[in-house]
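Notes for the one structure printed next.
Read-outs: derived from the displayed coordinates by stated rules, not from any lab. The shown structure was predicted, so the numbers you read here are calculated from the model rather than taken from an experiment. Neighbour counts are summed over all protein chains in view; Cβ atoms, including those assigned to glycine, are modelled from backbone coordinates with ideal geometry.
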Amino acid sequence: NAGVTQTPKFRILKIGQSMTLQCTQDMNHNYMYWYRQDPGMGLKLIYYSVGAGITDKGEVPNGYNVSRSTTEDFPLRLELAAPSQTSVYFCASINLGTGGGEAFFGQGTRLTVV
Amino acid sequence: AQSVTQLGSHVSVSEGALVLLRCNYSSSVPPYLFWYVQYPNQGLQLLLKYTSAATLVKGINGFEAEFKKSETSFHLTKPSAHMSDAAEYFCAVSDPGANSKLTFGKGITLSVRP
């Protein structure tokens, strides 16, 4: 059972570099989310998607972009990395049904910008 | 807008003692409520959820939570703490409507003393 797969697990970027964090789920969930987790701050929603071709901003979208061309994939793009983007990033997918759904999380990507 | 408040950032209990982690929510509609647990260097996993059925919800590992609408609370409890319960715990809320977003509290770190 793969669930939600994130790559890479760790990455060090230099200021101004760009990268894409990959997220793939094999549960056919329509809803997918990107969060960042900073110590003592909980999880902040960056972007989310309610289905292929549909994305929307969350609480902290600045400096990031997303796309959702398929149900399975929801990559997160950092165009010009800044030290403020040092964080742990989590992708999640949710089976939102009448029962309220359950979010399934990837293992996270620990990103350091230097 | 929906929100979650988890007062305090750290709770320490002795092994065998009661665990009580507090969560208060704000939502304009009857919400779905969740507790997630995060072990070190891992993603989040669902402990339990409330979706407008029984107000007392039982989850995994002996945890339970009670939805109290009058107090807008969803506190997490466990009668007897175990060393393996040491982790970070997040309360989350979602609006059961379309385009729902899952909003997290800041999290509480639970330590268990021998």
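I want to confirm something. Restricting to segment B:1-29 and keeping residues that are touching a helix residue (DSSP H, G or I) at 6+ places or on another chain (Cβ under 8 Å) and of a type outside the set (Asp, Glu), which single residue is nearest to the other protein chains (Cβ to nearest Cβ)?
By that ranking, first place goes to B:Asn24.
Residue-wise test of (1) acidic (Asp, Glu); (2) closer than 16 Å to A:Gly42 by Cβ; (3) out of contact with any Phe, Trp or Tyr (no Cβ under 6 Å at 6 or more places or on another chain).
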| site | (1), (2), (3) |
| --- | --- |
| B:Leu21 | no, yes, no |
| B:Leu48 | no, no, no |
| B:Thr51 | no, no, no |
| B:Thr55 | no, no, no |
| B:Thr77 | no, no, yes |
| B:Lys106 | no, yes, yes |
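Read through the list (1) within 11 Å of another protein chain (Cβ to nearest Cβ); (2) in contact with a Ser or Thr (Cβ under 7 Å, 6 or more places away or on another chain); (3) surrounded by 18 or more Cβ atoms within 10 Å (Cβ to Cβ), then give the number of the only condition that B:Thr109 fails.
Status for B:Thr109: all satisfied but (3).
Starting from residues that are farther than 20 Å from A:Ser87 by Cβ and within 14 Å of chain B (Cβ to nearest Cβ), keep the ones in segment A:56-71 and report whichever is surrounded by the most Cβ atoms within 10 Å (Cβ to Cβ).
Initially, segment A:56-71 is screened for residues farther than 20 Å from A:Ser87 by Cβ, giving A:56, A:67-71.
Cutting the leftovers down to within 14 Å of chain B (Cβ to nearest Cβ) gives us A:56, A:68.
Details: A:Asp56: 13, A:Arg68: 20.
In this case the residue turns out to be A:Arg68.
Anything in segment A:30-55 that is buried (at least 20 other Cβ atoms within 10 Å of the Cβ) and among the charged types (D, E, K, R)? List them, or say none.
Within segment A:30-55, just A:Arg36 meets the criteria.
Which residues, taken from segment A:32-43, are within 8 Å of chain B (Cβ to nearest Cβ) and farther than 19 Å from A:Thr71 by Cβ? Walk me through how you get there before you give the answer.
Residues of segment A:32-43 within 8 Å of chain B (Cβ to nearest Cβ): A:33, A:35, A:40-43.
Passing the criteria: A:Tyr35, A:Gly40, A:Met41, A:Gly42, A:Leu43.
One line per residue, one yes/no per condition, for (1) in contact with a Ser or Thr (Cβ under 7 Å, 6 or more places away or on another chain); (2) assigned to a strand (DSSP E or B):
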site	(1), (2)
B:Leu20	yes, yes
B:Phe34	no, yes
B:Val37	no, yes
B:Asn41	no, no
B:Gln45	no, yes
B:Ser52	no, no
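In this structure, is A:Arg77 more than 10 Å from chain B (Cβ to nearest Cβ) and basic (Lys, Arg)? Please lay out each step first, then the result.
Details: more than 10 Å from chain B (Cβ to nearest Cβ): yes; basic (Lys, Arg): yes.
Against the criterion (more than 10 Å from chain B (Cβ to nearest Cβ) and basic (Lys, Arg)), A:Arg77 qualifies.
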